[in-house]
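Comments concern the structure below.
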Amino acid sequence: MDDNVAVPLELAGSPHANGRAAELLAAVGLRDRQDHYPVQLSGGEQQRVAVARAFACRPPILLADEPTGNLDSATGRQVIDLLLALNRDQGSMLILVTHDQTLASHAERIITLRDGRIESDSLTDSFLLSPGAQG
């Protein structure tokens, strides 16, 4: 599994791919499962590996399409927490596409689409109350 997370780093020519992969797997709580194959992991563990891999190259923008869609509520909560923590720690812009109102409630800005058109666009209270927010 550590090879799975290291692939984008290796393709980018990173000399520290394995170390970064191990760091990210630890961050998502899978340090003890790093030598397992994907088929040996639960759906939630596989999703956490996907989160680690997505943040591997420290992308400036990360798109997450229904990241909790196939997970039970407890595992979905873990994945939400991981996405938000890594987003904060890595400094990436995180764009979530979701029907999950619980997940959407963590966003600083919510844009609602209906039939391909913007229905609403609003900043949330958490953004408006943050120290760096513009008023």
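Computed from the coordinates by the stated procedures, all read-outs in this text should not be read as laboratory data. As the structure is a prediction and not an experimental result, all values here were calculated from the model. Every residue, glycine as well, gets a Cβ built from its backbone with ideal geometry; the counts of neighbours run over all protein chains shown.
General remarks:
- Evaluation of Gly76 against (1) in contact with a strand residue (DSSP E or B) (Cβ under 8 Å, 6 or more places away or on another chain); (2) touching a residue at least 12 places away in the same chain (Cβ under 8 Å); (3) over 23 Å from Val7 (Cα atoms); (4) of a type in the set (Gly, Ala, Ser) (one fails), failing number: (1)
- Tally, over the range 83-101, of residues that are among the basic types (Lys, Arg) and touching a residue at least 40 places away in the same chain (Cβ under 8 Å): 0
- Qualifying residue in the range 41-48 (condition: under 11 Å from the mean Cα position of the chain (by Cα) and of a type outside the set (Lys, Arg)): yes
- For the range 72-87, residues that are surrounded by fewer than 16 Cβ atoms within 10 Å (Cβ to Cβ) and farther than 12 Å from Leu62 by Cβ total 6.
- All positions within the range 40-99 that are among the basic types (Lys, Arg) and more than 18 Å from Pro8 (Cβ to Cβ): Arg77, Arg88
Residue by residue, here is whether (1) part of a helix (DSSP H, G or I); (2) touching a strand residue (DSSP E or B) at 6+ places or on another chain (Cβ under 9 Å); (3) surrounded by 11 or more Cβ atoms within 10 Å (Cβ to Cβ) holds:
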position	(1), (2), (3)
Val5	yes, no, yes
Leu9	yes, no, yes
Pro15	no, no, no
Asp32	yes, no, no
